[in-house]
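Here is the structure we will look at.
The values are calculated or read from the model by the stated rules, or taken from the named source; none is laboratory data. Computed from a prediction, not measured in an experiment: that's the story for all the values here. So basically every Cβ, Gly included, is an ideal-geometry build from the backbone, and we count neighbours across all protein chains shown.
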Amino acid sequence: MKLLFTLDYELFLGSRTGSVANCLITPMEQLQAAIESAGGKFTIFVDATYLFRARQLSIGYPQLARDVEQISSHLKQLVASGHDVQLHIHPHWAFSTYNDGMWLLDHKHYKLCDLDAETALQVTTQAKELLDTTIGRKTIAFRAGGFAAQPTAMLKELFLKNDIVADCSVCPGLSYSSPQQEFDYTKAPAKDCYRFDDDICTEDAGGRFTEFPITMHRVSPVFHWKLAANRLLKLQEHRTFGDGAAVKTTGESIVARLTSWQNCQATIDGYKISFLPQAWQATRHRGNELLTILGHPKLATPYSIDRLAKFVQQATAAGDTFTTISQMLAAQ
Ligand SMILES: [Zn+2]
């Protein structure tokens, strides 16, 4: 089986965004140390709308100029180390402002589907052009902010005009609705990858785009009680490297997680990495050839880094190898 580790390289999107050093640079070093010795590479979806907006405002704010400089050289290093940098879009940054050392986020434009088609295209295109120039190569794969990659008609337009050929936003079996996220992937195929065109949830053998869905795993309410307990205890090993505040989960969703089995993404984030070995086993038993894993540097913890190194040892000892989205597309 192949392991596809995908990361969302981004600050926090709640009341505090956190710092570049603690949300991005330091945890990436830890994540790299956990997988690189085994030959692993990450596919890193960079929040390019943030980068574009920070650069746009950097003339008036020296801190933003430093942030952009630090991120640009970090991304160049990651590419030089063989990691695969691709495009992530959180459109609200394009409408957000900066004052007194803090980002003031626009909560009305969190999802691509909140934007009209023309604005969505402009926001995506200018962010992609900056990211491509920064890393010195063309990005060809996309992940939507908050996984909100619908409606497909809008997405298709963005992809065709920006030479995007692959997406990695779909979480098969999952639907969610909040001010920040809106998607319905309940009918999406739970396959390693599939072609699509008019509908991101429908396989179309002649489709122009390839979907790499995130691998999903059934998680019991007991797990979510343990997760809640860990958050309350605030143990050092479970403290995130990231120093911002996440967007709030809906009350309805919290109740559902604590009372019933849930579809969750296979992930390396924080305490949730504890069910990754089971997700790996289940994926092998189903006969899949690809495990697509989600992660966020900002949510890494001392515990998750330790477990990641152990997981990589376990999987490679069983014969698994690493891949990136660019490698998967090149092999098609
Ligand atoms: Zn994101």
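I'd like the residue in segment 137-159 that is assigned to a helix (DSSP H, G or I), within 16 Å of the ligand (Cβ to nearest atom) and small (Gly, Ala, Ser) and, out of all such residues, is nearest to Val85 (Cα to Cα).
Gly145
Would you tally the residues in segment 230-249 being within 14 Å of Pro302 (Cβ to Cβ), touching a residue at least 12 places away in the same chain (Cβ under 8 Å) and not in a helix (DSSP H, G or I)?
Final tally of qualifying residues: 4.
Residues that are of a type in the set (Asp, Glu): which helices (runs of 4 or more DSSP H) entirely in segment 250-332 hold 3 or more of them? Walk me through it before giving the result.
Details: elements: 251-259, 276-285, 302-317, 325-330.
In segment 250-332, no matching helices (runs of 4 or more DSSP H) lie anywhere.
Filter segment 90-136 for residues that are of a type in the set (Asp, Glu) and assigned to a loop (DSSP other than H, G, I, E, B); which is farthest from Leu51 (Cα to Cα)? Can you show your working first?
Our first condition is that a residue be of a type in the set (Asp, Glu); within segment 90-136, this holds for 100, 106, 114, 116, 118, 129, 132.
With the extra rule that they be assigned to a loop (DSSP other than H, G, I, E, B), the set shrinks to 100, 106, 116.
On the way: Asp100: 19, Asp106: 16, Asp116: 22 Å.
Here the residue is Asp116.
Give all pairs with beta carbons closer than 7 Å in which a residue from segment 1-30 that is within 21 Å of Pro302 (Cβ to Cβ) and part of a helix (DSSP H, G or I) meets a residue that is among the small types (Gly, Ala, Ser) and within 16 Å of the ligand (Cβ to nearest atom); count only pairs at least 6 apart in sequence or on separate chains.
Asn22/Gly242; Cys23/Gly242; Cys23/Gly244; Pro27/Gly242; Pro27/Ala300; Gln30/Ala300
Of the conditions (1) under 23 Å from Asp163 (Cβ atoms); (2) more than 16 Å from the ligand (Cβ to nearest atom); (3) surrounded by 15 or more Cβ atoms within 10 Å (Cβ to Cβ), Gly82 fails just one. Which one is it?
(3)
Within segment 281-304, take every residue that is crowded, with 21+ Cβ neighbours inside 10 Å and touching a helix residue (DSSP H, G or I) at 6+ places or on another chain (Cβ under 6 Å) and give me the one that is farthest from Cys171 (Cα to Cα).
Checking each candidate, the answer is Thr301.
Please state which of the following conditions Arg239 fails to meet, knowing it meets all the rest: (1) exposed (fewer than 15 other Cβ atoms within 10 Å of the Cβ); (2) over 29 Å from Lys108 (Cβ atoms); (3) over 20 Å from the mean Cα position of the chain (by Cα).
Status for Arg239: all satisfied but (3).
Looking at Asp84, Asp114, Asp132, Asp100, can you tell me which residue is of a type in the set (Asp, Glu), out of contact with any Asp or Glu (no Cβ under 8 Å at 6 or more places or on another chain), without any contact (Cβ under 8 Å) to a residue 12 or more places away in the chain and farther than 18 Å from Leu11 by Cα?
On the way: Asp84 fails: without any contact (Cβ under 8 Å) to a residue 12 or more places away in the chain; Asp114 fails: without any contact (Cβ under 8 Å) to a residue 12 or more places away in the chain; Asp100 fails: farther than 18 Å from Leu11 by Cα.
Only one candidate passes the filter, namely Asp132.
For the condition modelled with pLDDT of 95 or more, under 19 Å from Met328 (Cα atoms) and part of a helix (DSSP H, G or I), what is the one hit in Val68, Val79, Val85? It would help to see each step written out before you state the result.
Working: Val68 fails: under 19 Å from Met328 (Cα atoms); Val85 fails: part of a helix (DSSP H, G or I).
That would be Val79, the only listed residue that is modelled with pLDDT of 95 or more, under 19 Å from Met328 (Cα atoms) and part of a helix (DSSP H, G or I).
Quick check on Gly39: is it out of contact with any Asp or Glu (no Cβ under 8 Å at 6 or more places or on another chain), on the phi > 0 side of the Ramachandran plot and not in a helix (DSSP H, G or I)?
Details: out of contact with any Asp or Glu (no Cβ under 8 Å at 6 or more places or on another chain): yes; on the phi > 0 side of the Ramachandran plot: yes; not in a helix (DSSP H, G or I): yes.
Against the criterion (out of contact with any Asp or Glu (no Cβ under 8 Å at 6 or more places or on another chain), on the phi > 0 side of the Ramachandran plot and not in a helix (DSSP H, G or I)), Gly39 qualifies.
Collect the residues in segment 4-32 that are within 16 Å of the ligand (Cβ to nearest atom), in contact with a Gly (Cβ under 9 Å, 6 or more places away or on another chain) and among the hydroxyl-bearing types (Ser, Thr, Tyr), keeping them in residue-number order.
Hits for segment 4-32 are Thr6, Thr17.
Considering only segment 39-46, I want to know if a residue exists there that is without any contact (Cβ under 8 Å) to a residue 60 or more places away in the chain, within 13 Å of the ligand (Cβ to nearest atom) and of a type in the set (A, V, I, L, M, F, W, C). Full working, then the answer.
Our first condition is that a residue be without any contact (Cβ under 8 Å) to a residue 60 or more places away in the chain; within segment 39-46, this holds for 44.
If we keep only those that are within 13 Å of the ligand (Cβ to nearest atom) too, we end up with 44.
Within this subset, residues satisfying the condition of being of a type in the set (A, V, I, L, M, F, W, C) are 44.
There is at least one residue in segment 39-46 that is without any contact (Cβ under 8 Å) to a residue 60 or more places away in the chain, within 13 Å of the ligand (Cβ to nearest atom) and of a type in the set (A, V, I, L, M, F, W, C).
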